Amino acid sequence: MIITIVESEIQSSLNKVYNYVSNLETMVDYNYSVKDAKWVSQDKNNLICKITISLSILNFTEEYKVIEEVENKKIVAKCESSTIEFEDSYFFSESPNGTVLRIEDKMKLKGILSFSEGILKPILKSDMERNLQKLKSILES
């Protein structure tokens, strides 16, 4: 399993940051690997977004399900395909200059892909940092 953590202070209100990130369809604006994201269900107890992901070695479309949500505090969402499983946790907290956003990604590669974890770990960290900087620039504009 690969665990990747990134964090940044965003000069924007907690409510604005939370509302933007909790709308999973916005992932296409800041996450370079997410090519499409559309809500399948927005029922408070069944939040599901269908996402299309394109990585250099892997392309898939699956459901990205919110499994835990605490308004303005935390969102946990999970996705599983035949080759990959990941869980993202977004933590929000107020700071003197706006909002601190911490994102934790737990990724499990399946089958033959599991042998590439050592190679992918630094790439995933770099990609997540780049995505967070893009998100930060969107929210601070």
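So if a site counts as exposed when it's one of the trypsin sites (Lys or Arg not before Pro), its DSSP state isn't H, G, I, E or B, and it has at most 16 other Cβ atoms within 10 Å, what's the longest stretch of the chain without one?
It runs 1-43.
Please give the helix 117-140 orientation as an angle from the longest Cα principal axis of the chain, in degrees from 0 to 90, rounded to the nearest 10.
Once rounded, one gets 30 degrees.
Using the Cβ atoms and a cut-off under 14 Å, what net charge is assigned to the surroundings of SER54, where Lys and Arg are +1 and Asp and Glu are -1?
Net charge in that neighbourhood comes out at -2.
Can you sort ILE2, ILE67, ILE138, ILE53 so the residue with the fewest Cβ neighbours within 10 Å comes first?
ILE67, ILE138, ILE2, ILE53
With each run of n ≥ 4 DSSP H residues scored as -39500 (n - 2.57), what mean residue ellipticity at 222 nm is computed for the chain after dividing by its residue count and rounding to the nearest 500 deg cm²/dmol?
Rounded to the nearest 500, the figure is -8000 deg cm²/dmol.
Considering the values (i) 17.2, 51; (ii) 14.7, 46; (iii) 14.6, 42, which represents Rg and Dmax of the Cα atoms in Å as calculated for the structure under consideration?
(ii)
What is the local net charge at TYR64, summed over the other residues whose Cβ is closer than 12 Å to its Cβ (Lys, Arg +1; Asp, Glu -1)?
-4
Quick check: net charge around SER41, other residues with Cβ under 12 Å of its Cβ, Lys/Arg +1 and Asp/Glu -1?
Once positives and negatives cancel, what remains is +2.
Using C-alpha positions alone, give me the convex hull volume of segment 60-141 per residue in cubic angstrom.
Spelled out: Cα convex hull of segment 60-141, divided by residues, is 109 Å³.
Computed from the coordinates by the stated procedures, all read-outs in this text should not be read as laboratory data. Predicted, not measured: the structure shown is a model, and the values here were computed from it. Counting neighbours? That spans all protein chains shown, and the Cβs are built from the backbone with ideal geometry, glycine included.
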